[in-house]
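Below is one structure; the comments refer to it alone.
The values are calculated or read from the model by the stated rules, or taken from the named source; none is laboratory data. The model shown is predicted, which means the values in this text are computed figures rather than measured ones. Here the Cβ positions follow ideal geometry from the backbone for every residue, glycine too, while neighbour counts run over all protein chains shown.
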């Protein structure tokens with residue numbers, strides 16, 4: 001996409017369609033979902049006002065046009081806001097994981113989005129990762145998971161929650177111990193010296209390189225995408241993939257992600273003895 005954008009006058013939507021990354025119909029659904037997300041986010045603001053202007057043009061980078069019922073858009077946003085408290089009560093943390101429930105829902109009873117979200121949940125991914133990779137709006141993904149938990153198709157992994165709770169308790173204990181220690185005068189003096197030293201380092205250290213920070217972020221994203229695709233493959237096939245090319249053939253990894261992964265000189269190494277894999281740079 002970046003290459004085509006640099007070497008042509010096509011906008012984002014035209015590139016997506018011309019490169020067969022999205023069909024016109026799916027592109028329209030994506031734009032409608034984006035409009036719904038933005039409307040819901042806007043209605044969460046506690047102060048302010050809004051109005052809609054009918055225009056003949058489209059925003060920069062978007063030439064595809066579609067029609068929306070504004071009243072329906074607002075009503076759906078209001079409904080989602082009303083159900084936010086229920087979602088937070090059932091799914092309180094982005095770190096919770098899921099396991100198979102007492103009942104098994106047949107795949108044919110799920111749509112394309114439902115099948116993909118269910119596979120991510122049963123593969124052991126945490127809620128936050130499922131939302132980011134669920135190929136749907138945040139509310140839609142969370143609402144599906146909530147419904148499946150209520151109907152017994154999924155259960156929240158209590159063992160994961162227990163480990164998180166114990167970790168939080170340990171953190172609180174460490175904070176309490178530190179607070180007791182700070183009451184001692186020598187330790188207070190030492191802390192003040194450390195703070196002054198850190199302040200001096202901050203003002204004398206060179207500024208961070210935005211380019212390197214962006215590269216680090218992109219590298220973490222690539223590693224995350226590859227690990228998620230491999231985990232999803234293991235969930236379905238019962239074993240780790242022998243290569244990343246197999247993930248691309250199975251449709252679980254984007255070809256562009258693999259190309260970038262290889263261009264950066266990274267390799268995928270399968271360790272069959274330890275039943276794991278490593279991503280080496």
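In the stretch 1-47, which helices (runs of 4 or more DSSP H) lie fully inside it and hold 3 or more residues that are farther than 30 Å from residue 142 by Cβ, in the same structural domain as residue 254 (by TED's automatic domain parsing) and in contact with a strand residue (DSSP E or B) (Cβ under 9 Å, 6 or more places away or on another chain)?
none
Quick one: which residue in 222, 198 is in contact with a helix residue (DSSP H, G or I) (Cβ under 7 Å, 6 or more places away or on another chain) and modelled with pLDDT under 80?
On the way: 198 fails: in contact with a helix residue (DSSP H, G or I) (Cβ under 7 Å, 6 or more places away or on another chain).
Result: 222 is the single residue among 222, 198 that is in contact with a helix residue (DSSP H, G or I) (Cβ under 7 Å, 6 or more places away or on another chain) and modelled with pLDDT under 80.
Tell me, which residue of the stretch 227-281 that is farther than 22 Å from residue 98 by Cβ and within 18 Å of the chain's Cα centre (by Cα) is surrounded by the most Cβ atoms within 10 Å (Cβ to Cβ)?
Among residues in the stretch 227-281 that are farther than 22 Å from residue 98 by Cβ and within 18 Å of the chain's Cα centre (by Cα), the one surrounded by the most Cβ atoms within 10 Å (Cβ to Cβ) is 253.
For (1) modelled with pLDDT under 85; (2) more than 22 Å from residue 34 (Cβ to Cβ); (3) not in a strand (DSSP E or B), each residue gets a yes or a no:
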{"position": "117", "(1), (2), (3)": "no, no, yes"}
{"position": "139", "(1), (2), (3)": "no, no, yes"}
{"position": "145", "(1), (2), (3)": "no, no, yes"}
{"position": "149", "(1), (2), (3)": "no, yes, yes"}
{"position": "160", "(1), (2), (3)": "yes, yes, yes"}
{"position": "163", "(1), (2), (3)": "yes, yes, yes"}
{"position": "166", "(1), (2), (3)": "yes, yes, yes"}
{"position": "172", "(1), (2), (3)": "yes, yes, yes"}
{"position": "175", "(1), (2), (3)": "yes, yes, yes"}
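Of the residues in the stretch 71-115, how many are under 17 Å from the mean Cα position of the chain (by Cα) and in a loop (DSSP other than H, G, I, E, B)?
Residues in the stretch 71-115 being under 17 Å from the mean Cα position of the chain (by Cα) and in a loop (DSSP other than H, G, I, E, B): 7 in total.
Could you go through the stretch 40-56 and let me know if any residue there is touching a helix residue (DSSP H, G or I) at 6+ places or on another chain (Cβ under 7 Å), modelled with pLDDT of 90 or more and farther than 30 Å from residue 223 by Cβ.
Yes.
Report, ordered by the first and then the second residue, all pairs with beta carbons closer than 7 Å, sequence separation of six or more or different chains, a first member in the stretch 258-274 that is under 15 Å from residue 218 (Cβ atoms), and a second member that is part of a loop (DSSP other than H, G, I, E, B).
So the pair list comes out as 265/281; 266/281.
List pairs: first in the stretch 86-99 and free of Cβ contacts under 8 Å to residues at least 40 places away in the same chain, second not in a loop (DSSP other than H, G, I, E, B), Cβ under 8 Å, 6+ apart or cross-chain?
From residues that are free of Cβ contacts under 8 Å to residues at least 40 places away in the same chain, the pairs are 94/127; 94/128; 94/131.
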